[in-house]
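Working notes for the structure below.
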Amino acid sequence: MIRKVVILTLAWVALTGDLSAWGVAFGLGLAALTMTIAAPLGPYPIFPTARPLRLLGLLVYLCWQILVANVKVAATVLAPGRFLRPALVAVPLDARSDEQITVLSNLISLTPGTLSLEVSSDRTTLFVHAMSVTSPDALRREIKEGFERRVIGAIP
């Protein structure tokens with residue numbers, strides 16, 4: 001438990017950028033409180049079968065996609081009539097587990113300009129709203145070959 005408190009404290013300091021004594025003390029207290037509350041819940045691994053290297057690759061891909069999407073959104077904001085083509089697109093899913101579908105839909109929503117709206121009741125289709133769509137098939141292909149393929153590889 002002490003190791004987790006130290007890791008959480010370091011994460012707090014890294015996120016806030018506050019290396020002062022008060023900043024570290026507050027992070028330490030927050031970490032200790034978090035672990036005190038979470039300890040009775042038990043150790044529940046989020047993705048017990050996840051592949052760490054593929055998760056890292058997914059994270060790198062996400063960062064790249066966020067960067068690219070921010071540039072596209074900025075272009076849309078600066079010239080709205082030229083790039084704004086909103087669409088609702090149904091994306092057929094190869095992901096089957098709840099974890100895979102949840103991670104996929106959250107990654108899509110984290111990417112600027114796109115939003116996961118709903119998963120069909122039979123869990124075979126994800127409905128995505130995109131701010132600027134030139135072709136629904138291109139968006140489907142981008143999601144399936146980009147995020148979905150990496151999510152399925154990282155979280156079997």
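The values are calculated or read from the model by the stated rules, or taken from the named source; none is laboratory data. As the structure is a computational prediction, the values presented were derived from the model and not from experiment. Glycine gets a Cβ as well: all are built from the backbone with ideal geometry, and neighbour counts include every protein chain shown.
If a residue has to be modelled with pLDDT under 90 and part of a loop (DSSP other than H, G, I, E, B) to count, how many in the stretch 132-152 make the cut?
2
Yes or no: the stretch 113-123 includes at least one residue that is in a helix (DSSP H, G or I) and either of a type in the set (S, T, N, Q) or within 17 Å of residue 66 (Cα to Cα) (or both).
Within the stretch 113-123 (the criterion being in a helix (DSSP H, G or I) and either of a type in the set (S, T, N, Q) or within 17 Å of residue 66 (Cα to Cα) (or both)), the answer is no, since none of the residues qualifies.
Of the residues that make up the stretch 100-116, is at least one crowded, with 18+ Cβ neighbours inside 10 Å and more than 19 Å from residue 62 (Cβ to Cβ)?
The answer is no; no qualifying residue exists.
Among the residues in the stretch 44-58, are any among the aromatic types (Phe, Trp, Tyr) and part of a helix (DSSP H, G or I)?
Within the stretch 44-58 (the criterion being among the aromatic types (Phe, Trp, Tyr) and part of a helix (DSSP H, G or I)), the answer is no, since none of the residues qualifies.
Anything in the stretch 61-81 that is in contact with a helix residue (DSSP H, G or I) (Cβ under 8 Å, 6 or more places away or on another chain) and either among the basic types (Lys, Arg) or touching a residue at least 40 places away in the same chain (Cβ under 8 Å) (or both)? List them, or say none.
61, 62, 65, 66, 72, 76
Can you tell me which residues in the stretch 15-25 are under 18 Å from residue 35 (Cβ atoms) and surrounded by fewer than 11 Cβ atoms within 10 Å (Cβ to Cβ)?
Once the filter is applied, which keeps residues that are under 18 Å from residue 35 (Cβ atoms) and surrounded by fewer than 11 Cβ atoms within 10 Å (Cβ to Cβ), the stretch 15-25 yields only 15.
What's the total number of residues in the stretch 55-67 that are farther than 11 Å from residue 150 by Cα, surrounded by 13 or more Cβ atoms within 10 Å (Cβ to Cβ) and of a type in the set (A, V, I, L, M)?
Count: 1.
Residues of the stretch 117-135 being closer than 24 Å to residue 81 by Cα and in contact (Cβ under 8 Å) with a residue 24 or more places away in the chain, which ones?
Of everything in the stretch 117-135, those that are closer than 24 Å to residue 81 by Cα and in contact (Cβ under 8 Å) with a residue 24 or more places away in the chain turn out to be 128, 129, 130, 131, 132, 133, 134.
List every residue pair whose Cβ atoms lie under 6 Å apart, where the two residues are 6 or more positions apart in sequence or sit on different chains, the first residue falls within the stretch 91-103 and is on the phi < 0 side of the Ramachandran plot, and the second residue, located anywhere, is among the basic types (Lys, Arg).
91/140
From the list 71, 128, which one is more than 21 Å from residue 54 (Cβ to Cβ), assigned to a strand (DSSP E or B) and either of a type in the set (S, T, N, Q) or at pLDDT 90 or above (or both)?
None of the others qualify; the one that does is 128.
All but one of (1) out of contact with any Ser or Thr (no Cβ under 7 Å at 6 or more places or on another chain); (2) over 29 Å from residue 108 (Cα atoms); (3) at pLDDT below 90; (4) surrounded by 11 or more Cβ atoms within 10 Å (Cβ to Cβ) hold for residue 47; state the number of the condition that does not hold.
Status for residue 47: all satisfied but (2).
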